[in-house]
Structure formats: structure tokens, C-alpha cells
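Since the structure comes first, as C-alpha cells, the remarks are kept for the end.
Bear in mind these aren't lab numbers, they're just calculated from the coordinates by the rules spelled out. Just so you know, these numbers come straight off a predicted model, no measurement behind them. No Cβ is skipped: glycine too gets one built from the backbone with ideal geometry, and neighbour counts run over all protein chains shown.
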Amino acid sequence: MNSIAKDLLVTRPRARRSLLLWAVILAPMVFVSCSDDSGPAEIVAPSRSLVTLRVRVHLLSSEFQPLSTELTEDEVATVFGRVNAIWQQALIRWEIESILREDALNADAFAAMLNGQIPFSDNVIASVLPRENLLSGEWDVFLILSLEGIAGGIYFSGIPAALSAELDPDGQRQLTRATARILAHELGHSLSLPHVPCTPAGNLMSPGCAAADRTRLTDAQVEAARRQALTGHPFGSGLAFN
């Protein structure tokens, strides 16, 4: 029982008018806190609005196997379901606008890079992405099979677009775990978030860190991501916030 209400129950008769007044004031509070047996009612702060961002998904194909994703459209939806669960903490959601199957470009240079014949280069990786079907000014995600341990994904602010691999850097296919978390990380870059150092608490934007929670965002990161999301454009498209 609320401590103020309990004190009022032992009030002397001459204070009964005050008791009635306080009972009226406290009644709504008591009703909320005793609504069920599941424990104390959660006090919900005024909520932010959900920001929904459209994304076009490009499934790349190639004779060079690492560039050819095996994901089905249903599996893409599964991955994005987990991505959206991660970004729920910021009330940001990606809505798939369409899923396209396209041929990867410049496979020979990409293969030479993976084989160590030419140096690793963001430009070489970016060169495999076809550009004619970009969702102009909104979000584009390109999915391939593997980056062969070089990385799990990359965000190209100059396009802008995210590239993410179906297989994690260890070669494992974990659609609702590493695959989704890495894509969520790259989309974090699209919302202006840079890498942050590893901490015991863990963070979505800490790459390659061992932590219990690798999907967490700080309050400051949430605010920065929402500022970018509210522009309706990804970081690098001309409306970016650092």
C-alpha cells in the first residue's frame, strides 16, 4: 500500500475531510500500481515516434562464388527482422522497399584482391556494386556470400550504400546472429555512427570485440542515429550529422 495512503488511514477524525481529498488524488496512482500480479507497473516515459526508413536490397550473383549470395527473399526478411529488433532500442526500423537480383561487377579484381594478388582496397570492393538501380537518396544494401575473413561488411558513404556478407568472418552462416548483427552495424554507419572502442558492456559499433552484448547503443549514439534518420537520407548523401 502506498505509504501516504497508509498514513491517512490512521488519521484522527478531525482530519477526515483531508483524508477524502487525498483519497481522490491518490486513487489513480493506486489503480495503476495494482493492476496485476506481474510486479510493479512500469512507468513509461513519453515515447519517441518510430522512424521508418525504406531500404532496397540487392542480392548479387557472380561466377566467382564469394560474390554470389545464396539468401532467399524469405531469409532476407528473417535477417531484417533481427536487424529491426536490434534497432528497436532507437525506435528506428528498416522497411524493405524491394529485393533485386543483380550481377556483381568487376569480379576479376575482387578475386585478385581476395587471393592477395592486389592490395585490399575499398575502391575495389565498391567496384563490384552495380549502381543503376539504387534507391536514390534512401537506403541500399548489397548482399554477397563472403568477404573471406577480410571483414563482415563495409559502408560506402560516397555511394552511399552498405555491403554485407551472408557468412561471418569465420565462415559461419548465422542469419539471426552474426549476419544480422554485422548488417545492423553497417546500417549504424549509414546513420552517422563511427566505430567505438571495445568495452566490457559491449556496443554495436565496436568491431570484432568479445562482449556479452554486442548490439547495445549508448544514449548519445541513439540521439545521433535518430538525427540522421529523421533527415530521411543516409550518411554521405549530403544530409549527414557527425
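Summary table below
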item: For the range 170-220 versus the range 66-112, the gap between their alpha-carbon centres in whole angstrom; result: 16 Å
item: Ranked by how many other beta carbons lie within 10 Å on average, peptides 128-137, 223-232, 91-100 from highest; result: 223-232, 91-100, 128-137
item: Sequence-separation-based contact order of the range 51-229, relative, with Cα cut under 8 Å and 6+ spacing, percent; result: 23 percent
item: Percent breakdown of C-alpha pair distances by 10 Å bin, ordered from the shortest bin, for the range 168-242; result: 20, 47, 27, 5
item: For peptides 79-90, 107-118, sequence by mean Cβ density within 10 Å, most packed first; result: 79-90, 107-118
item: Residue-span extension gain [LEU50 to CYS209] - 0.36 nm each, minus C-alpha spacing; result: 54.3 nm
